[in-house]
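No lab work stands behind these numbers, since they all come straight from the coordinates. Treat the numbers as computed from the prediction; the structure is a model and nothing was measured. Here the Cβ positions follow ideal geometry from the backbone for every residue, glycine too, while neighbour counts run over all protein chains shown.
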Amino acid sequence: ELILAFESSCDETSVAVIENGHRILSNIIATQIKSHQRFGGVVPEVASRHHVEQVLNCTKLAMAEAEVDYEDLTAVAVTYGPGLVGSLLIGICAAKAISFAHHLPLIPVNHLAGHIYAAQLITPLSYPFMALVVSGGHTELVLVNEPNEYQLLGETRDDAAGEAYDKIGRVLGITYPAGKEVDALAHQGQDTFNFPRAMLDEDNLDFSFSGLKSAFINTVHHADQLGETLDRKDLAASFQASVSDVLVGKTMRALAEHPVKQLVVAGGVAANQGLREKLTATLAIEQPAIELIIPPLRLCGDNAAMIGAAASVQLATKAPFADLSLNAVPSLDLV
Ligand code: ATP
Ligand code: MG
Ligand code: FE
């Protein structure tokens, strides 16, 4: 089984070829970050134009690197949401064109399912498993009961974790996307500010990060007014300690309520070193039997390999194919 997969939901154009749902034959990722940095975030129209320029080249590279012909493919897969409508449409059109020209089934993939199934590129999954999805737009605890069967246990009521990183990073003078640099800074500082751990002790699996973001911004502004300069490393370390305490605390609560053998961490924030360390340490003490699966950095961020992995699961479970009327669904939910 060979799947050609497309991902263009935000600011990465990516095309991959995946064999049997787990083997990456190619995974080309063209990022446009440099074009958006001076605006402090992704500019949708700029993103769409980049995808148009990149998608054909990425496709050619992905096919060449995988050393396969279109005739060898089993199916074409594409992210159809959630994401930026103009960006999504470029990947969708490319996938449709190839599906049409080569008479291949078209598999519509949810971007978040892709982030979750990045784990399948690392190790075989056993059901049910727990997924902590932490990305630029989402923070969710998802129980995956069976292949392609998701149960939303909890989610953020305001900002996503990655979004909070990007917003407080701006206050620290770090360019978008700020997560990686805040993470590095945090490792050189101490948790001296003791920011709030929102909802940590509440009996639910939801999250909230906007209060933490406000507390952070107010602390910095208040010091500014007094003419004081706060230690950026300690600010970053304190913010990161709060985020990881809440993410880990809620995940442990979910694992206590729903027995599983594996915990998958998915999405761009899964790259966070502080989160990885705290999860590893806490699991070892509280749930040593649970296998922690965190994909390598390249598979945590947006990429088409993860879309190919999710598509393979959809193929196996006989999920419906799309036809050539497939449209983008910018606010598509996982469940
Ligand atoms: P979504 O997947 O919800 O549609 P997205 O695709 O924009 O959103 P991803 O590409 O999965 O999000 O992740 C990008 C986010 O990950 C950014 O907010 C970025 O700051 C954050 N991020 C990346 N590396 C790190 C890190 N080491 N620590 C914390 N955050 C990080
Ligand atoms: Mg991105
Ligand atoms: Fe993403």
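Restricted to the range 79-100, and to residues there that are hydroxyl-bearing (S, T, Y) and closer than 12 Å to T13 by Cα, the residue that is farthest from ligand 3 (Cβ to nearest atom) is S87. For the range 168-178, the condition holds for at least one residue, the condition being that it is in contact (Cβ under 8 Å) with a residue 60 or more places away in the chain, β-branched (V, I, T) and part of a loop (DSSP other than H, G, I, E, B). Within the range 264-291, being crowded, with 16+ Cβ neighbours inside 10 Å and among the hydrophobic types (A, V, I, L, M, F, W, C) holds for V264, V265, A266, V269, A270, A271, L275, L279, L283, I290. The single residue among A97, A16, A77 that is away from ligand 1 (no atom under 13 Å from the Cβ) and surrounded by fewer than 24 Cβ atoms within 10 Å (Cβ to Cβ) turns out to be A97. Scanning the range 292-316 for residues that are surrounded by fewer than 19 Cβ atoms within 10 Å (Cβ to Cβ) and under 23 Å from T139 (Cβ atoms) yields L292, P296, L297, R298. Looking at this structure, is D159 touching a residue at least 12 places away in the same chain (Cβ under 8 Å) and either more than 23 Å from A113 (Cβ to Cβ) or surrounded by fewer than 22 Cβ atoms within 10 Å (Cβ to Cβ) (or both)? The answer is yes for D159. Being crowded, with 21+ Cβ neighbours inside 10 Å and either in contact with a Leu (Cβ under 9 Å, 6 or more places away or on another chain) or of a type outside the set (G, A, S) (or both) holds for only one residue in N57, N27, and it is N27. Mind checking which residues of the range 266-290 are touching a residue at least 12 places away in the same chain (Cβ under 8 Å), over 27 Å from I29 (Cβ atoms) and of a type outside the set (S, T, Y)? Within the range 266-290, K278, L283, E286, Q287, A289, I290 qualify. Name the pairs: first residue in the range 247-265 and in contact (Cβ under 8 Å) with a residue 24 or more places away in the chain and under 13 Å from K278 (Cα atoms), second residue surrounded by fewer than 19 Cβ atoms within 10 Å (Cβ to Cβ) and of a type in the set (D, E, K, R), Cβ to Cβ under 7 Å, at least 6 apart or on different chains? The qualifying pairs are M252/E286.
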